[in-house]
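Enquirer: Quick one: structure below, then a few questions.
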Amino acid sequence: MGRVTARRRVLRISVDGERAVRPDSLAGEEPLELRVGGKALTVTMRTPGHDIDLVLGFLVGEGIIGSGSDVTAIRYCASAASAASAVGVVGSAADRQGQDVQTYNEVQTYNVVDITLAPSVPRPDVSIERAFYTSSSCGLCGKTSIDGVRLRSRYEVDADPLVLRPDVVLALPDRLRLAQKVFATTGGLHAAAIADADGNLLVVREDVGRHNAVDKVVGWAAREGQLPLRERVLVVSGRASFELTQKALLAGIPALVAVSAPSSLAADLAQDAGMTLVGFVRGGSMNVYTGAHRIADALVNSGS
């Protein structure tokens with residue numbers, strides 16, 4: 001699977017003392033530097049693949065753009081020897097919008113991308129104070145305070161008419177797990193998906209970073225011209241943190257379903273925004289923390 005996974009030889013030791021050397025597959029992890037107009041914006045550790053979606057989703061999640069049309073070009077930065085060999089246009093929706101989103105047939109690696117924003121889009125602050133480093137375990141690393149990341153979304157979700165049947169919600173984690181092809185090989189990736197009201201998964205992405213997986217599905221929506229994601233559900237394989245809840249809000253998603261627990265700040269943000277937040281979806285039960293009115297016949301008192 002190329003750079004998505006890597007093979008390593010490991011020593012396997014069992015409880016009975018048996019030892020055996022065998023090959024094992026690990027999830028790929030590499031840095032990706034994002035530049036805007038040639039100026040460094042951030043570096044994120046990610047699993048290579050769907051990088052254009054990752055970039056678009058990241059920009060949406062930071063409140064820099066609100067749709068794919070706010071970006072006119074995303075290019076891999078190549079060496080001087082290979083910069084002349086541009087190939088293809090990434091994404092049919094980008095093509096329909098007249099965008100010039102291209103990849104370079106780079107000799108080195110595909111770990112630096114440069115973004116060109118539409119003239120009407122305000123440029124982000126890329127000063128030393130604004131620059132930050134994003135690791136695969138924390139999408140907020142380098143932020144000076146929680147107030148610095150609680151961005152105001154351009155989309156309202158409180159009036160979204162989405163209604164979900166409990167059986168649909170309970171089936172979402174299993175559907176997501178079945179779609180995790182790389183996790184089945186490595187056991188080392190998070191996943192995110194966008195689902196409709198009937199539980200159909202419209203897009204699934206995997207990554208070593210849970211925030212990256214969310215950025216990739218949101219970026220897919222931006223590239224396909226589907227923002228805001230009205231009457232849609234964000235499904236995540238782990239916990240529902242503040243950062244993931246904020247990313248859902250900035251993409252106009254009215255419901256977030258997580259296999260594990262939410263944080264208190266995630267619940268506060270969902271409550272304030274009018275978003276439905278569901279956690280601990282496993283074993284035939286779930287906890288509805290906010291927005292229980294969207295769960296048909298919900299017998300859960302979420303306090304909302």
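Enquirer: For the subset of the stretch 15-37 comprising residues that are modelled with pLDDT of 90 or more and under 12 Å from Val112 (Cα atoms), which member is surrounded by the fewest Cβ atoms within 10 Å (Cβ to Cβ)? Steps first, please.
Expert: We begin by selecting, within the stretch 15-37, every residue modelled with pLDDT of 90 or more; these are 32-37.
When the remaining residues are screened for being under 12 Å from Val112 (Cα atoms), the result is 32-36.
Numbers: Leu32: 23, Glu33: 14, Leu34: 22, Arg35: 17, Val36: 20.
Per the stated criteria, the residue is Glu33.
Enquirer: Still on this model: Applying the selection to the stretch 168-196, what residues are modelled with pLDDT under 95 and among the acidic types (Asp, Glu)?
Expert: Asp174, the sole residue that qualifies.
Enquirer: Would you say Asp207 is closer than 18 Å to Asp53 by Cα and of a type in the set (Asp, Glu)? Step through it out loud before you land on a result.
Expert: Working: closer than 18 Å to Asp53 by Cα: yes; of a type in the set (Asp, Glu): yes.
So Asp207 passes the test.
Enquirer: Next up: Please go through (1) at pLDDT 95 or above; (2) surrounded by 14 or more Cβ atoms within 10 Å (Cβ to Cβ) for Ala159 and return the number of the only condition it doesn't satisfy.
Expert: (2)
Enquirer: Consider the stretch 51-76. How many of its residues are in a helix (DSSP H, G or I), without any contact (Cβ under 8 Å) to a residue 60 or more places away in the chain and hydroxyl-bearing (Ser, Thr, Tyr)?
Expert: Qualifying residue count, the stretch 51-76: 0.
Enquirer: I'm trying to understand the selection: among the residues of the stretch 24-50, which are in contact (Cβ under 8 Å) with a residue 40 or more places away in the chain, assigned to a strand (DSSP E or B) and either farther than 26 Å from Arg123 by Cα or of a type in the set (Lys, Arg) (or both)?
Expert: Listed by number, the residues that qualify are Ser25, Leu26, Ala27, Glu30, Arg35, Lys39, Arg46.
Enquirer: Of all residues in the stretch 271-286 being free of Cβ contacts under 8 Å to residues at least 60 places away in the same chain and touching a Phe, Trp or Tyr at 6+ places or on another chain (Cβ under 7 Å), which is nearest to Ala171 (Cα to Cα)?
Expert: If we take residues in the stretch 271-286 being free of Cβ contacts under 8 Å to residues at least 60 places away in the same chain and touching a Phe, Trp or Tyr at 6+ places or on another chain (Cβ under 7 Å), then Gly279 is nearest to Ala171 (Cα to Cα).
Enquirer: Test each condition in (1) surrounded by 17 or more Cβ atoms within 10 Å (Cβ to Cβ); (2) in contact with a Phe, Trp or Tyr (Cβ under 9 Å, 6 or more places away or on another chain) for Gly49 and report the one that comes out false.
Expert: Every condition holds for Gly49 apart from (2).
Enquirer: List pairs: first residue in the stretch 99-128 and under 12 Å from Leu59 (Cβ atoms) and modelled with pLDDT of 50 or more, second residue among the basic types (Lys, Arg) and part of a loop (DSSP other than H, G, I, E, B) anywhere in the structure, Cβ distance under 8 angstrom, at least six positions apart or on different chains.
Expert: Here the result reads Leu117/Arg123; Pro124/Arg130, each pair linking the stretch 99-128 to a residue that is among the basic types (Lys, Arg) and part of a loop (DSSP other than H, G, I, E, B).
Enquirer: Ok, one more. Here's a check for you: in the stretch 284-298, which residue that is hydrophobic (A, V, I, L, M, F, W, C) and either within 24 Å of the chain's Cα centre (by Cα) or not in a helix (DSSP H, G or I) (or both) is modelled with the lowest pLDDT?
Expert: Of the residues in the stretch 284-298, the ones hydrophobic (A, V, I, L, M, F, W, C) are 286, 288, 292, 295-296, 298.
Keeping just the survivors that are either within 24 Å of the chain's Cα centre (by Cα) or not in a helix (DSSP H, G or I) (or both) gives 286, 288, 295-296, 298.
On the way: Met286: 94, Val288: 96, Ile295: 95, Ala296: 92, Ala298: 49.
Going through the qualifying residues, I end up with Ala298.
The values are calculated or read from the model by the stated rules, or taken from the named source; none is laboratory data. Bear in mind the structure is a predicted one, so any value in this text is a computation, not a measurement. Note that we place each Cβ from the backbone using ideal geometry, even for glycine, and neighbour counts take in every protein chain shown.
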